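I have placed the structure first, in the form of structure tokens, so that the comments after it can refer back to it.
None of the figures in this text is laboratory data; all of them are computed from the coordinates on show. Not measured: the values here are computed from a predicted model. Positions of Cβ are backbone-derived with ideal geometry, glycine not excepted, and every protein chain shown enters the neighbour counts.
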Amino acid sequence: MLVYSGLVDSSVVNKEIKRVIRPLLKDAGFTQFTTRTGWRYAGEKIDVVNFQSFNSYLADSLGCTTYSFCVRLGCSFSAIPRSESVKQKDELFRPTEYECHFRRSLQKTIQQPNLKRKDVWYVDPSGQNLNDVIEDAKKTILENGMPWFNRFNDLNEVLRTLQEDTESNEETSGFGANPSPNRHFMTGYVAFSLGKTQLAADHIQKALLSGCFKPLESKMRLMLEHINR
């Protein structure tokens, strides 16, 4: 355990994330990293963990320091087309958390009376609580984040989620209301990957009619032609 004296800044928090969190992620199979983000390549899925910091304007509005953080998770599925903006390194996609198809914000388990918002870990300017905050983030990733990732290793569960679940800021989000163009789009592609062609056709057709996917419309029509042969 490291004890800090004096003022903390983002570089100190980054060092603690690397020291405490990165070994956990490596043990879980994450292989690509930047200062605040890790990626795991799990078959046809990419898992993302991101420690989000804040600019001064947002920190002021939340009532926290700029080096306080949220822990954001994301799952990006190869079955669903990814945005052309998704970057690659060493021929591997590196989607940001907000570019993922499924997303989740973890919640702290420690009590922080000076910042009651559950999805923000408050780091005190003195750094006196930094060890407790980082350890709680580690615990939450291990106990809540990893099971969430593992749940979506099965595309059948991805499809069930798309068909049945409601978006939740405390659970899984990113896939849109039911019904919505984005939900139809994702459901169609996942159903197609699972060989459920009629279900896929129904949802891809609804996504096409929405007019929300102009760059992909030709590919979507080709899929429908393939299904209807």
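Taking 0.36 nm per residue of separation and subtracting the current Cα-Cα distance, fully stretching the chain between SER10 and ASP132 would add 42.3 nm. Whole-Hz Karplus values for the stretch 211-227 come out as x, 8, 10, 3, x, 10, 4, 5, 5, 5, 5, 4, 4, 5, 4, 4, 5 Hz, taken residue by residue from phi with 6.51 cos²θ - 1.76 cosθ + 1.60 and θ = phi - 60°; glycine and proline positions read x.
The protection proxy used here, the mean number of other Cβ atoms lying within 10 Å of each residue, ranks peptides 133-145, 205-217 as follows, highest first: 133-145, 205-217. Across q = 0.15, 0.19, 0.21, 0.28 Å⁻¹, the stretch 158-228 modelled as identical point scatterers on its alpha-carbon atoms has Debye log10 I(q)/I(0) values of -0.45, -0.70, -0.83, -1.27, in the order of the q list. Report Rg/Rh for the stretch 1-89, rounded to two decimals, where Rg is the Cα radius of gyration and Rh the Kirkwood radius. Result for the stretch 1-89 is an Rg/Rh of 1.04.
P(r) for the stretch 97-178, from all Cα pairs and a bin width of 10 Å, is 16, 41, 27, 13, 3 %, short bins first.
The slack in the chain from ARG151 to ILE110, taken as 0.36 nm per residue of separation less the alpha-carbon distance, amounts to 12.2 nm. Projecting the alpha carbon convex hull of the stretch 93-229 along each direction and taking the average yields 10.5 nm².
For the chain, what is the convex hull volume of its Cα atoms per residue in Å³?
Taking only Cα atoms, the chain has a hull volume of 136 Å³ per residue.
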